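J.: Could you have a look at this structure, given as structure tokens, before my questions?
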Amino acid sequence: MNVLVINCGSSSLKYQLINSDSEEVLAKGLCERIGIDGSAIVHQPAGGEKVKSEIDMPNHTKAVQLVIEKLTDPQVGVITSLEEIDAVGHRIVHGGERFAGSVVLDDEVLAVIEQCNDLAPLHNPANLIGINSCREILPDVPMVGVFDTAFHQTMPKKAYLYGLPLSYYEKYKVRRYGFHGTSHRFVSEEAAKMLDRPYDQTKTITCHLGNGGSLCAVRNGKSIDTTMGFTPMEGLVMGTRAGDVDAAAITFLMEKEGLTPQEMDTILNKKSGVLGISGVSSDFRDIEEASEHGNDRAEMALEVFAYKVAKRIGAYASAMNGVDCIVFTAGLGENSGSTRRLICDYLGYLGVHIDSYNNSLRGKAMEISAPDSRVRVLVIPTNEELVIARDTKELLDK
Ligand code: AMP
């Protein structure tokens, strides 16, 4: 089955065509600046070069049309006609409390997803636009939605309730949801396979560390806690997001600086995190380089980041009454041996020992803990698109 995997943002659309039987990526690409001047599609067939075409894309329907044109193009295409697309799998950010797993998309389900728009106003409407554009262009192709929040729906109440009046949860569903669920699920499953352990009898802490970052406590195959909350703001210090901050500090700053809620939101989401602390960049590569050149703020940003991750690992080891395995994934988790080292240096009490040579390697799934380490530590490249293709196939095969 060929599954077209779509990840649609407000002005971008990422895609991969995956043969879900062989799990081979046939082609992938990105439409950028949709609805903005200078839009372009970058397409790459498997084993081929990237081809960039600057084409006007006033809306997402045009973008989907171009994706199909590229996939069926005689030169850079990988299929001969639309009929070779058997299904479309969509990434959807927020499924609220309504979706604890992936679903086949129909009018009824789409109406429920729309009800979750309030919870993710920047993301869900864009996801829905992508779905509707695909339905317009591929009206007879079945579609599946895979939610970032779904994996965390197994969190118990004690983990997802805030210490706010309960009426706000009842009225507005203000609670912790968690994100990056597709990634946490994928790497925790892969970890169990790598360690040859039953997934449903393993305690894993997954560390998805990219521009956005979150940790997840996966006990016996189920998420029991995660660091992101009502929005992807909560938890770790991230590239540009503040993570946990005393809520009273927010109202204090708003008063002192005369900030509107929107302005405060921009500061918390776009100007904080390691960017805000270091003053250098939101990209950890730049910060690591600046720190190596003696920039104190950059060094401090890396220290704050690693300390927060290490503290949460401790918290989750306690929440699960132990931990068998810690997994690092996403841009930073997969690539930065120095950050992994900074974090793991706090974990001696758990019996974590890192093998320096393996920790210096990159680009593949591997174990970086030493043979005497009581907790196994793995690096596993995440693959959210593959999960979407797998779920799509599984649901449609039923
Ligand atoms: P992601 O959001 O998963 O794409 O991760 C992106 C982030 O990963 C970038 O902002 C970088 O900070 C980080 N990153 C990627 N490669 C490296 C690397 N080689 N060393 C340090 N950080 C990296």
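The values are calculated or read from the model by the stated rules, or taken from the named source; none is laboratory data. Computed from a predicted structure; not experimentally measured. Here the Cβ positions follow ideal geometry from the backbone for every residue, glycine too, while neighbour counts run over all protein chains shown. Heavy atoms of the whole protein, side chains included, go into the accessibility calculation; ligands, DNA and RNA do not. Shrake-Rupley method; radii C 1.70, N 1.55, O 1.52, S 1.80 Å.
J.: Only Cα pairs within less than 10 Å get springs; with that Gaussian network setup on the chain, which residue of VAL327, VAL76, VAL187 has the largest fluctuation?
T.: Greatest mean-square fluctuation among the candidates belongs to VAL76.
J.: Please calculate how many Å² of accessible area the range 129-170 carries per residue, with a 1.4 Å probe and no DNA, RNA or ligand atoms counted.
T.: Accessible area per residue: 49 Å².
J.: Name the longest site-free stretch of the chain, where the excluded sites are GluC sites (Glu not before Pro) in a DSSP loop with no more than 12 other beta-carbon atoms within 10 Å.
T.: Details: sites that count: GLU23, GLU49.
Answer - 50-398.
J.: Between GLU24 and ARG374, what length in nm is gained on full extension when 0.36 nm per residue of separation is reduced by their alpha carbon distance?
T.: Contour length minus the Cα-Cα distance gives 122.5 nm.
J.: Which of the chymotrypsin sites (Phe, Trp or Tyr not before Pro) found in the range 128-229 are in a DSSP loop and have at most 15 neighbouring Cβ atoms, other than their own, within 10 Å? The partial results should precede the final answer.
T.: On the way: sites: PHE147, PHE151, TYR160, TYR162, TYR168, TYR169, TYR172, TYR177, PHE179, PHE186, TYR199; in loops: TYR162, TYR177, PHE179.
For chymotrypsin sites (Phe, Trp or Tyr not before Pro) across the range 128-229 that sit outside H, G, I, E and B with at most 15 neighbouring Cβ atoms in 10 Å, the list reads TYR162.
J.: Work out the FRET efficiency for GLU114 and GLU299 from their Cβ-Cβ distance, taking R0 = 45 Å, and round it to the nearest 0.05. It would help to have the intermediate numbers written out before the result.
T.: On the way: r = 46 Å, r/R0 = 1.02.
With a Förster radius of 45 Å, E is 0.45.
J.: Of GLN16, VAL64, GLY273, whose Cα points farthest to the positive end of the dipole of the chain (charges on the beta-carbon: +1 Lys, Arg; -1 Asp, Glu; origin at the Cα centre)?
T.: Value computed over the given set: GLY273.
J.: I would also like to ask the following. LYS171: which lysines have alpha carbons under 28 Å from its alpha carbon, excluding same-chain residues fewer than 8 sequence positions away?
T.: Within the straight-line cut-off, LYS171 pairs with LYS157, LYS158, LYS222.
J.: When we measure straight from the Cα of LYS28, which lysines land under 18 angstrom away, once same-chain ones fewer than 8 places off are left out?
T.: Straight-line reach from LYS28, under 18 Å: LYS14, LYS50, LYS52, LYS62, LYS70.
J.: Same structure, new question: Please compute the net charge surrounding MET254, taking Lys and Arg as +1 and Asp and Glu as -1 over other residues with Cβ under 11 Å from its Cβ.
T.: Local net charge: -3.
J.: Continuing with the same structure: Any idea how far apart SER356 and ALA310 come out in nm if each label point goes 7 Å out from Cα toward Cβ?
T.: 1.8
J.: Along Cα→Cβ, 7 Å out, is where each label goes; now give me the distance between the ones at ASP286 and ASN220 in nm to one decimal.
T.: Between ASP286 and ASN220, the label points sit 4.6 nm apart.
J.: Another one. Rounding to the nearest 20 debye, state how big the charge dipole of the range 43-93 is about its Cα centre with +1 on each Lys and Arg Cβ and -1 on each Asp and Glu Cβ. Provide the component values of the computation, followed by the final result.
T.: Working: 5 positive and 8 negative charges, 50 e Å.
Magnitude of the dipole: close to 240 debye.
J.: Compute the length gained on full extension between THR154 and TYR168: take 0.36 nm times their separation in residues and subtract their Cα-Cα distance, giving the result in nm to one decimal.
T.: 3.0 nm
J.: Moving on. Which residue, MET194, MET238, MET228, tops the fluctuation ranking in a GNM of the chain built on C-alpha contacts under 10 Å?
T.: Top of the fluctuation ranking is MET194.
J.: Straight-line reach only, C-alpha to C-alpha below 20 angstrom: list the lysines that LYS308 could link to, leaving out same-chain residues fewer than 8 apart.
T.: Candidates past the 8-residue exclusion: LYS270, LYS271.
J.: If the only charges are +1 at each Lys and Arg Cβ and -1 at each Asp and Glu Cβ, what is the size of the charge dipole of the chain around the Cα centre, to the nearest 20 debye? Present the calculation step by step, with values, prior to reporting the outcome.
T.: Working: 40 positive and 54 negative charges, 235 e Å.
Roughly 1120 debye for the chain.
J.: In a GNM of the chain with a 10 Å cut-off on Cα contacts, which of SER81, SER102, SER39 has the highest mean-square fluctuation?
T.: SER81
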